[in-house]
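Here the structure is laid out as structure tokens; the discussion comes afterwards.
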Amino acid sequence: MQAAYRKFEAKLSGKPGKAHFVGVGGVGMAGLALMMKKRGWDVSGCDAVDNPLLAWLESNGIAVQRENAPGHLMNFDPSTDVVVRTPAVPMSAPELLEASENGFAIFDRGVAFAAMTAQFDTLAVCGTHGKTTTSCFLAGILRNLVPEKTSWAIGGLSPLLGAVAGGPGIVAGTPRGLLVAEADESDGTLRLYTPKITILTNIDADHMEHFHGVQDLEGTFREVLGRTTGCIVYCADHPRARALGMERRAVRAVSYGFAPKADYRLSKAQCGENGCSFRIASPDGGSAHVCIPAPGMHNVLNAAAAIAGACAAGIAFPEACDTVQKTAVLPARRFERIGHPDGFTVVSDYSHHPVEIAALVQTALTLPHKRLLAVFQPHRYSRTRTLLRSFPDAFKGVDDLVLCPVYCASECPLCGGESSDLYAAFRAEAVGDVAIPIPILAKSLETASRYIRAIVQPGDVVLVIGAGDVNSIAPQIAAATPRATPPQELRMGAFGTESLATDFIAVRTLEALREAVRDGAFSVIGGGTNSFIAPTGAHQRLIHLSGPEFNAAKLLSESAETVLVEVGAAMQGPALMRLCAEKGYSGIEYMAGIPGQCGGWLAMNAGTRLGSFCDALLEADVLAPDGTLNTIKAADFGATYRSCAAVRGKVAVRVRLRLRKASPQAVRKAMDEALAHRLDLSGIRTAGSVFKNPGMPLPPAGMLLDKAGCKGLRVGGAYVTTQHANIIASEPEATASDIYALMHMMRERAMASSGVRLEPEVQIVN
């Protein structure tokens, strides 16, 4: 790391060449790219994801490609030119592979930025939380009072500053002056900084994927404090920050906070929905009453840090206090409110650590609200796994919480770090603390958005939380029109869990069915024995067949040996089996004991190891979305293991079976023999096999799950039976999220144990 730092420092001090930024759309990368451009470098960049920062870079003369390709390094000279990467982009990216093969110098963004800060009198703002906001507050004060000396490079978009980096000092040929730099500790490059002033906000366990425990993390902060040449500013309210700040050093150290012995001591703080007021006393005995337009007690501390930092840079205390009242504007995605004419509010926030989320929730509770709803996207598998048990308490006060899939940020999935694991932690913690919300587990940002849009009401406050791309759904939610009546709650499906249905209709006739399928996406809910509604609800039309037209069974023809029987799609499979036993119809005895309706049997090609339903069918009448009724022959079913292609996107209306004549006694005996080979699941609510067998030569799904230790695994009111590792049972208090989380955990365990990704046999209706 030190060698790379010295090498990049030498590059900066020499003649400017070309610099290519891989992942240039990140805020830290964009700011550094601009600084190098302004200092005379020929800068280009690329990013696989488009965002507004790319257009901003282009407006500043930086060529940006919205893809990754080795051709971006054409005409580059390895002896003079450099490639800068964000750690979010793996070394397998095309440009990086090309650069590595051709001997280019590749620098991590953290190393490059640390070297850049050495050219200024840098005010390094560091700490686990509050860096971006404190940096914006501090840069706002200095730019207002000493604009000719102040530059900045901050990891967030600021409406006040107008850009992630700027100021006169970043332009070639001008005096460097002061640089307010947000100094990131996540990759350890904080150790490379030599700031004039260091502001330490706090230290909490985070980024443990890069550190060997909290002591190693503390060591990183200790080192940058030891390399500070002018003054250290630290938070006296935070134990770890206070301990490091109070260590004896050659440079001056001042503290801020509510602590009685803080040098910049806070008191009489009050916060409301539109901001905070507080009194702050200076080390020389001065004091001031300050009001800032930023809500939340944590922002009082951020403002105090900015005042203390400005004073350390030579600003008079009264001027710093007066100016912060005008310049304490929150950066983007820090309690960013989007109002709605129907009377609910969406708040988008970057918080992703439990400490930050707790502060956000407490701030949100100061807003007038009917209910506090939240959507949370965990950031990184490693952080989720490390802080798993700390998250539930942070959400106390939230009425309804949706958990989204983890934003990976270039990480590979980690066992114990998935959203399903986080959900399980919430369920465990909520048992003893009713203030902790039981979340809804969403399979995607889109399903989370649909759920919130379906339930939001006037007077609600909706928090959209996370450091990933969850912000993309905030405008969708803000544009929602609250429903006049809440969506219907249904208890349908094998597990009997309660879920939302925005459009449910029961049809009794073929004409009514034609009308029901014409309006777009739909799903047919039969007996629900092999399905359940997703935790975020069903947002397509749910159609339930009922009435005599779909339940009838009739004999069409018979001969000496065979019969042709027509059965309505809504007829229960067990009822069909009783009819066969009574009449002596043979040929599907292996279906004994399988629940569900005949239409579902067809759609799923239900069966056992002895045979499948489609094996006995002659033909089926199927209704298409355009209202046409088609008869499909057995040869055209496209039947495979637990699937029937001909029914996909359509509705089975009736089926016709060619069966053999036999004595009722013989049929009953054959059914009893089939049942003897089936697991007795009486008395429990289950959908049977959860996952499909992967097929030869692989073992059955149950064996793979047993090997992975899934028997007895539990989440909330759902558990894997001890009789069979591929069967989930639900207790009365089970939620759809319990089932969904448990399925995900089972699949991930099987993947980790055997390398086999199992496919669900249970149908999840979204």
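Of note:
- Subset of region 715-746 [under 25 Å from the mean Cα position of the chain (by Cα), within 12 Å of residue 495 (Cα to Cα) and free of Cβ contacts under 8 Å to residues at least 60 places away in the same chain]: 717, 719
- Of all residues making up region 85-143, the number that are on the phi > 0 side of the Ramachandran plot and in the same structural domain as residue 30 (by TED's automatic domain parsing): 1
- Flag if residue 537 is under 26 Å from residue 734 (Cβ atoms) and touching a Cys at 6+ places or on another chain (Cβ under 8 Å): no
- Set 506, 474: member being closer than 23 Å to residue 369 by Cβ and not assigned by TED's automatic domain parsing to the domain that holds residue 715: 474
- Subset of region 184-196 [in contact with an Asp or Glu (Cβ under 8 Å, 6 or more places away or on another chain) and closer than 26 Å to residue 148 by Cα]: 196
- One residue stands out among those in region 747-766 that are free of Cβ contacts under 8 Å to residues at least 40 places away in the same chain and not in a helix (DSSP H, G or I): the one that is surrounded by the fewest Cβ atoms within 10 Å (Cβ to Cβ), which is 755.
- Test: residue in region 224-236 that is of a type in the set (A, V, I, L, M), within 35 Å of the chain's Cα centre (by Cα) and part of a loop (DSSP other than H, G, I, E, B): yes
- Restricted to strands (runs of 3 or more DSSP E) entirely inside region 393-506, those with at least 1 residues that are modelled with pLDDT under 95 are 488-491, 498-501.
- Taking region 36-124 and the strands (runs of 3 or more DSSP E) fully enclosed by it, the elements with 1 or more residues that are farther than 27 Å from residue 173 by Cα are at 42-46, 63-65.
- Scanning region 226-244 for residues being within 18 Å of residue 178 (Cα to Cα), of a type outside the set (Val, Ile, Thr) and buried (at least 17 other Cβ atoms within 10 Å of the Cβ) gives a total of 1.
- Looking across 273, 247, 209, one residue alone is at pLDDT below 95, acidic (Asp, Glu), farther than 22 Å from residue 117 by Cα and in contact with an Asp or Glu (Cβ under 8 Å, 6 or more places away or on another chain). It is 209.
- Residues satisfying the stated conditions in region 359-392, i.e. assigned to a helix (DSSP H, G or I) and farther than 14 Å from residue 335 by Cβ: 381, 382, 383, 384, 385, 386, 388, 389, 390, 391, 392
- Residue check for residue 348: closer than 16 Å to residue 740 by Cβ, outside any loop (DSSP other than H, G, I, E, B) and touching an Asp or Glu at 6+ places or on another chain (Cβ under 9 Å): no
- Sole exception among (1) crowded, with 22+ Cβ neighbours inside 10 Å; (2) out of contact with any strand residue (DSSP E or B) (no Cβ under 8 Å at 6 or more places or on another chain) for residue 652, by number: (2)
- Residues in region 722-733 that are in a loop (DSSP other than H, G, I, E, B), surrounded by 24 or more Cβ atoms within 10 Å (Cβ to Cβ) and in contact with a strand residue (DSSP E or B) (Cβ under 8 Å, 6 or more places away or on another chain): 726 only.
- Within region 323-340, considering residues that are of a type outside the set (Val, Ile, Thr), over 14 Å from residue 463 (Cβ atoms) and in contact with a Ser or Thr (Cβ under 8 Å, 6 or more places away or on another chain), the one modelled with the lowest pLDDT: 339
- Tally, over region 170-183, of residues that are out of contact with any Asp or Glu (no Cβ under 9 Å at 6 or more places or on another chain) and buried (at least 19 other Cβ atoms within 10 Å of the Cβ): 5
- Residues located in region 612-671, provided they are within 20 Å of residue 597 (Cβ to Cβ), of a type in the set (Asp, Glu) and at pLDDT below 95: 615
- Residue match in region 299-314 (condition: surrounded by fewer than 18 Cβ atoms within 10 Å (Cβ to Cβ) and in the same structural domain as residue 261 (by TED's automatic domain parsing)): yes
- Any hit, region 302-323, residues being among the aromatic types (Phe, Trp, Tyr) and within 22 Å of residue 478 (Cα to Cα): no
- Residues located in region 563-585, provided they are surrounded by fewer than 21 Cβ atoms within 10 Å (Cβ to Cβ), modelled with pLDDT of 95 or more and in a strand (DSSP E or B): 563, 564, 566
- Test result for residue 85, touching a helix residue (DSSP H, G or I) at 6+ places or on another chain (Cβ under 9 Å), of a type in the set (D, E, K, R) and within 17 Å of residue 8 (Cα to Cα): yes
- Residues satisfying the stated conditions in region 116-141, i.e. over 30 Å from the mean Cα position of the chain (by Cα) and surrounded by fewer than 24 Cβ atoms within 10 Å (Cβ to Cβ): 116, 117, 118, 119, 120, 121
- Residues of region 85-99 classified as free of Cβ contacts under 8 Å to residues at least 60 places away in the same chain and surrounded by fewer than 18 Cβ atoms within 10 Å (Cβ to Cβ), total: 4
The values are calculated or read from the model by the stated rules, or taken from the named source; none is laboratory data. Since we're looking at a predicted model, the values are computed, not measured. Glycine gets a Cβ as well: all are built from the backbone with ideal geometry, and neighbour counts include every protein chain shown.
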